[in-house]
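Each reported figure results from applying straightforward, stated rules to the coordinates on display, with no laboratory input. A quick note: this is a predicted structure, and the numbers were derived from the prediction, not measured. All Cβ positions, glycine included, derive from the backbone under ideal geometry; neighbour counts span all protein chains shown.
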Amino acid sequence: MKKNAGGSFTYAMHKFLPFRDLAACERVRAITKEDITKHPNKQFRIRVIEDPMQFYTEFALDIVTRIKNALDEGRQFVGIFPVGPMPQYPIAARLINQLRIPLKHVHTFNMDEYADYDGTTAPAEWEGSFQRAMFDSFFNLIDPKLRPPLKQIHFPTKRYLKDYAKMIEDAGGADVCYGGIGWCGHIAFWEAHLGDEFGDDLEAYKNAGPRHLELHPMTIMQNALHSFSGDWSWVPPCANTIGPEQVMKARWRSFWCDGYLGGGVSWQRFICRLVAHGPVNTYVPGSILQTVPGDYVILGGVADNCEIHMA
């Protein structure tokens, strides 16, 4: 039995949790909002943005600026993109239209897509698919005269999964990998329980590529909460995803934590701390971000101090 800091009730963490270092959990839980941006790796740039509109606008500006810089420099732009967060995409599309930025040089690779146990990925017409989300929230909002060619918009579907890493490299390698952090600490759908496969072998872990996998229960519940009206029966059991190798090989990483539900409640408040300030290990996938240059942006409500909040 382990004793949690600040209380007299002793208990062990639940067995289904992949990361079970209680001392590390207690340490990062105690990191205050004032100290959350402090990190020994100065190239791992943590910052807090209080206002949600500013948060998503700065995310959109980052996307559009990188695309425009590549255009001005006469080179291709290759980006890895998430579905979550999402509000930045309509803002980015509006800026692209207003500034009349042609995207013929843009190659996009989405991080992941839902799948069934047999590896069949969700079709683009399914309302819960990431392909549909990206077209509805981004690509279809861009003036057709400005959109990237359809052949340059990629998803890790069953057809392309085995070649996905090579496709990114053949396009020139990712200029940037955007993303968020999952409740279990995942990046893309690279789940926490995969730590069982790699143990302490961080080098092998960082070199692991795209695969089909079963989603962790925490991911099922998280995605049910924010995308499926709380209906866990509606969430597919598996996904195709990029691996840590694609995140690490990108020339820059830009991760955005917006998991605030309002009323003082955030599902991401603890895990964003564990990823950024906990031990780098294979059971908290996002922890590898600490070891490389990148941006790590936290919405103010997520950065608030961890505390028990009885609704």
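Miscellaneous remarks
- For the chain, the dipole from Cβ point charges (+1 on Lys and Arg, -1 on Asp and Glu) about the Cα centre works out to 580 debye, to the nearest 20.
- Convex hull volume per residue, computed on the Cα atoms of region 42-303, equals 122 Å³.
- P(r) for region 211-257, from all Cα pairs and a bin width of 10 Å, is 24, 38, 32, 7 %, short bins first.
- For the pair VAL292 and LEU261, label points projected 7 Å from Cα toward Cβ lie 3.2 nm apart.
- Euclidean distance between Cα centres, region 1-77 to region 144-174, Å: 28 Å
- Neighbourhood charge, 14 Å Cβ-Cβ cut-off, centred on HIS105 and excluding it, Lys, Arg +1 and Asp, Glu -1: +3
- The phi-based Karplus calculation (6.51 cos²θ - 1.76 cosθ + 1.60; θ = phi - 60°) puts the 3J(HN,Hα) values of region 73-80 at 8, x, 10, 6, 10, 10, x, 9 Hz, whole numbers, x for Gly and Pro.
- Here the chain carries DSSP beta bridges of which approximately 35% are antiparallel, counting only pairs with both residues inside.
- Prolate/oblate/rounded call for region 99-254, Cα gyration tensor, a/c under 1.5 rounded: oblate
- Here the gap between THR10 and THR65, fully extended at 0.36 nm per residue and compared with their Cα-Cα distance, gives a gain of 14.7 nm.
- Between the beta carbons of ASP136 and LYS104, assuming R0 = 22 Å, the FRET efficiency works out to 0.50 to the nearest 0.05.
- At q = 0.11, 0.18 Å⁻¹, base-10 log of I(q)/I(0) for region 38-186 (Debye sum, equal scatterers on each alpha carbon): -0.45, -1.20
- Applied to region 286-291, the Karplus parametrisation 6.51 cos²θ - 1.76 cosθ + 1.60 on θ = phi - 60° returns per-residue 3J(HN,Hα) values of x, 4, 5, 4, 5, 8 Hz, with x for Gly and Pro.
- Of the trypsin sites (Lys or Arg not before Pro) found in region 219-311, the ones in coil according to DSSP and having at most 14 other Cβ atoms within 10 Å of their Cβ are ARG251.
- Estimated FRET transfer efficiency (GLU127, LEU202; beta-carbon r; R0 45 Å; 0.05): 0.70
- Mean separation of Cα pairs under 8 Å and 6 or more residues apart, divided by the residue count, gives the chain a relative contact order of 24 percent.
- Residues CYS25, CYS184, CYS306, sorted so that the one with the fewest Cβ neighbours within 10 Å comes first: CYS306, CYS25, CYS184
- About its Cα centre, region 41-165 has a charge dipole of approximately 580 debye under the convention of +1 per Lys or Arg Cβ and -1 per Asp or Glu Cβ, with nothing else charged.
- Between the beta carbons of ASP170 and HIS309, assuming R0 = 45 Å, the FRET efficiency works out to 0.40 to the nearest 0.05.
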